[in-house]
Amino acid sequence: MSHPGTLCLIYQDHLARTPDAAMLIQESHPVTYKQFDQNVQTTAAWLHRQGIRSGDHVAVWLVNRTEWLVLLFSLARIGATLVAVNTKYRAHELQYILSHSQATTLILQLNFKKIDFAAIIKEVDPQSLKHLQRVIMLDADSSTPINLLDRPVITFDAMTDDVTTNASGSSLDFGAYAESETLADQNIAFFTTSGTTKGPKLVMHTQRTLSEHANHVAFGYGFGEANDKILAALPLCGVFGLNSVLGAIAAGMPVVLMDFFEGNTAAALINSEKITHVFGSDEMLRRLTEQQIPTPFPSLKTFGFAAFSPRFIDLAKALIPRGIPMRGLYGSSEVMALFSLQHADMLIEERALGGGYPAAGALAQVRARDPDSGELCSIGVSGELEIHSPTLFKGYFNNPQATLDAFTEDGFFKTGDLGYIRADGSFVYQSRMGDTMRLGGFLVDPTEIEQVLAEQSEIKSAQVVGIEIKGQLRPVAFVIASESYSVHTNSEISDPNVILNRISKQLAAFKVPTHLWFIDAFPATASANGDKFQRVKLREMAQQRINTKQ
């Protein structure tokens, strides 16, 4: 019989062998496998008594904490779905997710020190939440309201409950759950895409896709060696944060939880807890290594990172010699985070690139397709990446057309990402397809131009987009001035043409931006893993400036 793939099975072997070993650590307090499993049992029974049933959608709006993971595994036992709500969301986004996910329950906290959840929720229209029946509150106190969003507030006290029976008095049978093929293929989580011009889509994953991918990550990347320990610095509400944690749990690695990422705190935890694995963005890594210590983290074995800015190669060249084991990776809500990771023994310039070798090994296939001809690309030729793996998402909730459009006829997910396949079977991610530009007859990755711009002393960061000028698509650039340049020049910005003339000696003529504008900040949208720049808005800004000039 095939592995049933229910989520709770990923820690059952460790529970049986080492029940008193630390599974989670938060604020120096360990939670053993035995304690965690007891919390899952009591919470599942408690949620059931509150009326939550198989097939219900339960929105969880919490920072990283033990209860987040307990709720995920508890809902898995019930057969309900956790709707992962980004803690960076504001009222409009929260209302959109609650409404479109058809959530029957919202579980939240109001009094976290760095996020004013109470102020945000006041701006949500209760009338728009047609499916919402109840609100469950963590950390309730005397100031907790009786009603919220016009629904009754229930105080969450499940983990102090010693009762493991459901509303009818019968036991919630773990044996039946563990062997249930039906529950294994039932939705366990909805994740959101980072929509920029429209509302985000809800990405559906089953217990099987999450549990199988956790095992792929654990064994594919050699997790769980002696003394291995992971820092959960990314929000659990996104696949980047959650997949790394589930992989660690499957491997028996202790997970050190951070409720909210802060550079100095994270750096201190890496050293005090002797962390071996961290996953995050290049910006997180910059904040971690602001201290000028030659070898800041001697225990660290892997820092898997996703690049959100164009100077990540320079960062790798500066930090890898200092003992920071940077490795580029790839993932998305649809294919899972840590889908792939670069090998540690590659040259720095290759190791820092996005992409790599799939965690699932030969079970996963990656190919690139020419967007114009529709033909598959040969080795080293850029095209749209297409992925097939056993842990692909099951579709977009309540959006069958988008689901249909996302797959090829033979079942590959069309990622919308530009990249190419290496001769050894690994791959390289370059950029989003929507960000690429057809310039001079060639498909151009804007990060190539951004990297050259960011190397100029006047520029801290750059974003390049393509707009139509006199009937032709041409590149234009928005840049943020470097701090040293701004101070040195008394905040006076030099003639952009001087910079453009300089980089024309480094780039082909068709890649040199026709215009360069200094701005204070790039328009961005918040995702669970960090802010993502909105190139659509940059194109609109550029077109307005061009039109005004004409």
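The values are calculated or read from the model by the stated rules, or taken from the named source; none is laboratory data. This structure is a prediction, so every number in the text was calculated from the model and none was measured. As a convention, Cβ positions derive from the backbone with ideal geometry for all residues, glycine included, and neighbour counts pool all protein chains shown. SASA here: full protein model, heavy atoms, side chains in, ligands and nucleic acids out. Shrake-Rupley method; radii C 1.70, N 1.55, O 1.52, S 1.80 Å.
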In terms of Cα to Cα distance under 28 Å, which lysines are near enough to K549, apart from those fewer than 8 places away along the same chain? K460, K470, K505, K511, K537
For K113, give me every one of the lysines with a C-alpha distance below 29 angstrom, ignoring sequence neighbours fewer than eight places off in its own chain. K88, K122, K229, K274, K532
Taking only DSSP H segments of four or more residues, each worth -39500 (n - 2.57), what value at 222 nm results for the chain once the sum is divided by all its residues, to the nearest 500 deg cm²/dmol? -8000 deg cm²/dmol
Take each uninterrupted DSSP H stretch in the chain, measure its Cα extent along the helix axis, and return the ones at 30 Å or beyond whose mean Kyte-Doolittle hydropathy is at least 1.6. none
Per the chain, sqrt(5λ) over the Cα gyration tensor eigenvalues, sorted largest first, in Å, gives 41, 26, 24
Between the residues A45, C237, A21, the Cα farthest towards the positive end of the dipole of the chain, that dipole coming from +1 and -1 charges on the beta-carbon of Lys, Arg, Asp and Glu, is from C237
Compute the signed sum of charges (Lys and Arg +1, Asp and Glu -1) over the other residues within less than 12 Å, Cβ to Cβ, of F36. -2
At what distance in angstrom do the alpha carbon centres of region 25-75 and region 309-341 lie from each other? 31
Could you look at region 1-41 and say what percent of its accessible area is carbon and sulfur, using a 1.4 Å probe and all protein chains? 50
Summed over the other residues with a beta carbon less than 13 angstrom from that of S389, with K and R at +1 and D and E at -1, the charge totals 0
Highest average packing first - 415-424, 332-341, 251-260, Cβ atoms within 10 Å: 332-341, 251-260, 415-424
Just the accessible area per residue of the chain, please: how many Å² with a 1.4 Å probe? 42
Provide the percentage of antiparallel DSSP beta bridges, counting only those with both residues in the chain; round to the nearest 5. 60
Any residue on another chain or 5+ positions along whose placed amide H is under 5 Å from the amide H of I467 is listed here as R474, V476
